[in-house]
1. Where the centroid of each part is defined by its Cα atoms, how far is region B:1-73 from region A:20-57 in Å?
2. With an 8 Å cut-off on Cα pairs and a minimum separation of 6 or more residues, tell me the relative contact order of region A:1-95 in percent.
3. Suppose the chain between B:N63 and B:A103 were pulled fully straight at 0.36 nm per residue; how much longer would it get relative to their current alpha carbon spacing?
4. How high is the FRET efficiency between B:T111 and A:A18 when r is their beta carbon distance and R₀ equals 41 Å, given to the nearest 0.05?
5. Could you give the length gained by full extension between B:E27 and B:M92, i.e. 0.36 nm per residue of separation minus their alpha carbon distance, to one decimal place?
6. When a/c reaches 1.5 or more, the comparison of a/b and b/c decides; with that in mind, is region B:4-50 rounded, prolate or oblate per its Cα gyration tensor?
7. Step through the table entries A:K62/A:K140; A:K61/A:K136; A:K61/A:K140; A:K136/B:K75; A:K149/B:K75; A:K13/A:K149, compare each Cα-Cα distance with 32 Å, and write down the pairs that go over it.
8. Could I have the simple spin-label model distance between A:S165 and B:S54, label points 7 Å from Cα toward Cβ, reported in nm to one decimal?
Amino acid sequence: MARSDVQLMLDVKGGDEASFSELLQRYRTPVVNFLQRMVRDRATAEDLAQEVFLRIYRARKKYVPSAKFTTWLFRIATNLALNSLRDGRYHHLEVSLDAPADENTAPLDLPSKGRAADERLMDQDRSAFIRRAIEKLPEKQRAAVMMHKFQEMDYSEISEALGCSESALKSLLFRAYETLRVELAPLVGVPAESGMGKGAEI
Amino acid sequence: MMCDKFSSEWLAYIDGRASITERERLESHSQVCAGCQRRALEYTQLWRVLDESSISEPSMGFNARIRARVAAEPKPHFWDGLLPTPRLALAMGLLLVLSAWFARVPVDTTTAQSDQDFRMIRDLRVLENYDVLRDFGALSEIPAASPAQKPATTPPGDDQRM
């Protein structure tokens, strides 16, 4: 039976390096993907993910299982990502609808009235389109969606990681999904409209 | 247009955390409300679409770099546990400063002096002896010593005075 995150972390606290490797293996992909969505840059995301795990390791002696491990992990990741974005080092990485997000993807093809939705979507990578729609969200909305949708964390965990109340989080998430619903209208199956809460952030 | 009264409940509907009752209420409302029916379909579809978002694995050297950084971390020593935490160190420092400050406050010596006087008064025999010895005039009442009683080692000056 697989050991729980808390048990693994307690073992790391006790000096078991193998447990740290197991935690690393368990969460490296979610953390890197989370950070990649946050800072919109693969290399930076990996650097920050390294820092996240290093901070976990450094704090092992003081670890107290007062909250879920993932809450702690993503709180560190969120803080590091927000700090990096606020530092201004990655402002040049702001996503543009006219420019490719990275060298491996084609420029985003904006929905135009003259083309059918199916035809447009055939020309572009659906996954990249979705990813960029998420990356367009304001920072906090982006972090909330990543933890809510992709990590399936509870509202209480996410609100703790983001340092806001649960009601504020629900409002944040609702606005984010409303924005995504409009942005991804070609995939969702309805024409894009100027939806409520678009781009708004609490 | 979605009904405002249900707007806050759609989140739980989207993520599947709504109770069966809540879900049924939203769905039954959607059957009579075209706007909400459409919104329910869009959210359901959106949830599926987001699952298509690509997940990328970290680079090959990711784990190796982490392990190298972990290995470079200073190893804990057995005395680390003995070192006080910052809070404890601060508390101890404050205690030390307070102790030093109290030690520098001048002590009230009048109390000590009173105690000494009291002890002297209590021992009356000492006082009596002290008074007698202090009054050297009492020695003049002693009769003058006869020459026979003179000590053999009387200095020459004393003979001339007698």
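1. 22
2. It rounds to 32 percent for region A:1-95.
3. 8.6 nm
4. On the way: r = 69 Å, r/R0 = 1.68.
The pair B:T111/A:A18 has a calculated efficiency of 0.05.
5. 17.0 nm
6. In terms of gyration-tensor shape, oblate.
7. A:K61/A:K136; A:K136/B:K75; A:K149/B:K75
8. The answer from the label model is 4.1 nm.
Throughout, read-outs are computed from the coordinates displayed, never taken from laboratory work. Worth saying up front: this structure is predicted, and the values here are computed from it rather than measured. All Cβ positions, glycine included, derive from the backbone under ideal geometry; neighbour counts span all protein chains shown.
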